[in-house]
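Structure first, then comments.
The values are calculated or read from the model by the stated rules, or taken from the named source; none is laboratory data. What you see is a predicted model, and the numbers here were worked out from it, not measured in a lab. Note: ideal-geometry Cβ built from the backbone for every residue, glycine included; neighbour counts use all protein chains shown.
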Amino acid sequence: MGFYFLSYPGMGLNVSEILAEVARKYSQPEEVEEMNRLFSEKSGLITPEQTLLGLYFPYPCRVLDIGCGVGREAIALAKQGYRVTGIDIAKPLVVAARRNAITENARINFQETDGLYIDMPEKSFDLVVIFSQTIEHVPTRSARITLLREARRVLVPNGFLFISAHDRYHPTMSALRSVFEIINDSGAEEGDVYLKNIQGIASAGKAFMHYSTPSEMRSELADAGFNVWQFARHTDLGGDAGMDRLFYMVCSSQSLESTL
Ligand SMILES: C[S@@+](CC[C@H](N)C(=O)[O-])C[C@H]1O[C@@H](n2cnc3c(N)ncnc32)[C@H](O)[C@@H]1O
């Protein structure tokens with residue numbers, strides 16, 4: 001898999017090493033099993049994701065799901081008639097997603113791919129979704145912008161991106177304190193942590209996370225060429241108050257000039 005060998009010159013943290021570590025953590029059998037358990041228990045889109053879909057794409061379109069895991073949102077989308085491609089850097093998750101799709105009778109193209117290097121033609125999708133702590137696993141502002149630019153490249157000119165992330169200053173973040181340690185390495189950015197436990201279970205190793213803020217995310221999206229159409233907190237979109245640390249942005253790949 002390519003991401004082990006990619007180099008990202010000029011960055012403080014070693015992006016390829018950190019992403020390989022994230023992939024290794026998610027590839028452990030306990031993690032895959034836990035994601036499969038969550039999938040079978042509460043499969044489907046959560047209320048805020050479904051709300052956004054209903055507002056912007058209440059009709060079938062071509063969707064790319066970056067960080068698809070075992071297929072939670074990809075399978076739910078396919079069952080609603082969307083034409084879905086799901087990508088993830090952790091191969092065992094992609095294998096599990098393919099199995100889950102067969103069980104659920106959903107036709108989806110799942111691929112083991114790093115979101116920073118999407119081997120797909122430009123203008124292939126109407127909608128890209130990056131949900132549920134995926135962008136957070138990408139270290140450095142610069143690499144996150146690379147991933148967002150890839151999302152923009154594969155979108156049609158008037159396509160949309162839905163992205164969700166944790167707000168590091170939200171009061172409900174205190175609920176996570178026991179599962180992460182702050183990174184003090186040189187080159188680390190504010191909000192960088194190592195998660196010891198990513199799916200509610202303790203497996204070996206650690207996973208990088210960058211807890212962002214809405215203004216940081218806006219700036220990264222702008223540098224990737226996106227315009228933010230809507231910002232919403234989890235509860236604004238019908239989500240439960242305990243998870244209000246999640247925020248959502250709806251972005252258009254259309255250039256500002258072409259909307260004037
Ligand atoms: C918290 S899980 C979310 C999975 C799924 N979206 C869900 O909600 O069930 C984050 C996922 O992002 C994937 N991921 C992290 N960095 C990635 C990257 N650079 N490219 C593709 N997938 C990535 C991880 O392997 C993991 O499956």
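For (1) touching a helix residue (DSSP H, G or I) at 6+ places or on another chain (Cβ under 7 Å); (2) within 12 Å of the ligand (Cβ to nearest atom), each residue gets a yes or a no:
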residue	(1), (2)
I46	no, yes
L64	yes, yes
E73	yes, yes
I89	yes, yes
L93	yes, yes
R99	no, no
E104	yes, no
S124	yes, no
E136	no, yes
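So V154 ticks every box in (1) closer than 22 Å to I46 by Cβ; (2) buried (at least 20 other Cβ atoms within 10 Å of the Cβ); (3) within 14 Å of the ligand (Cβ to nearest atom) but one. Which box is left unticked?
(1)
Given (1) touching a Gly at 6+ places or on another chain (Cβ under 9 Å); (2) more than 25 Å from S212 (Cα to Cα); (3) of a type outside the set (F, W, Y), where does N105 come up short, assuming only one miss?
With respect to (1) touching a Gly at 6+ places or on another chain (Cβ under 9 Å); (2) more than 25 Å from S212 (Cα to Cα); (3) of a type outside the set (F, W, Y), N105 is out only on (1).
Is it the case that the stretch 19-31 has a residue that's among the aromatic types (F, W, Y), under 16 Å from T134 (Cα atoms) and touching a helix residue (DSSP H, G or I) at 6+ places or on another chain (Cβ under 7 Å)?
So far as the stretch 19-31 goes, yes, one or more of its residues are among the aromatic types (F, W, Y), under 16 Å from T134 (Cα atoms) and touching a helix residue (DSSP H, G or I) at 6+ places or on another chain (Cβ under 7 Å).
Residues in the stretch 118-151 that are in a loop (DSSP other than H, G, I, E, B) and either surrounded by 23 or more Cβ atoms within 10 Å (Cβ to Cβ) or in contact (Cβ under 8 Å) with a residue 24 or more places away in the chain (or both): how many?
Of the residues in that region, 13 qualify.
Yes/no per residue for (1) over 21 Å from S124 (Cα atoms); (2) of a type in the set (A, V, I, L, M); (3) at pLDDT below 95:
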site: R152; (1), (2), (3): no, no, no
site: G159; (1), (2), (3): no, no, no
site: S164; (1), (2), (3): yes, no, no
site: Y169; (1), (2), (3): yes, no, yes
site: F180; (1), (2), (3): yes, no, yes
site: S215; (1), (2), (3): yes, no, no
site: D223; (1), (2), (3): yes, no, no
site: R233; (1), (2), (3): yes, no, no
site: D236; (1), (2), (3): yes, no, no
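Criterion first (within 10 Å of the ligand (Cβ to nearest atom), surrounded by fewer than 22 Cβ atoms within 10 Å (Cβ to Cβ) and either free of Cβ contacts under 8 Å to residues at least 12 places away in the same chain or not aromatic (F, W, Y) (or both)) does S40 satisfy it?
no
Hey, could you check the stretch 138-151 for residues that are charged (D, E, K, R) and more than 11 Å from the ligand (Cβ to nearest atom) and say which is nearest to A222 (Cα to Cα)?
In the first step, residues of the stretch 138-151 are kept if they are charged (D, E, K, R); the result is 141, 144, 149-150.
Still in the running and more than 11 Å from the ligand (Cβ to nearest atom): 141, 149.
Values: R141: 12, R149: 10 Å.
Per the criteria, the residue is R149.
Give me the residue from the stretch 106-117 that is more than 19 Å from M249 (Cβ to Cβ) and within 12 Å of the ligand (Cβ to nearest atom) and, out of that set, surrounded by the fewest Cβ atoms within 10 Å (Cβ to Cβ).
Y117
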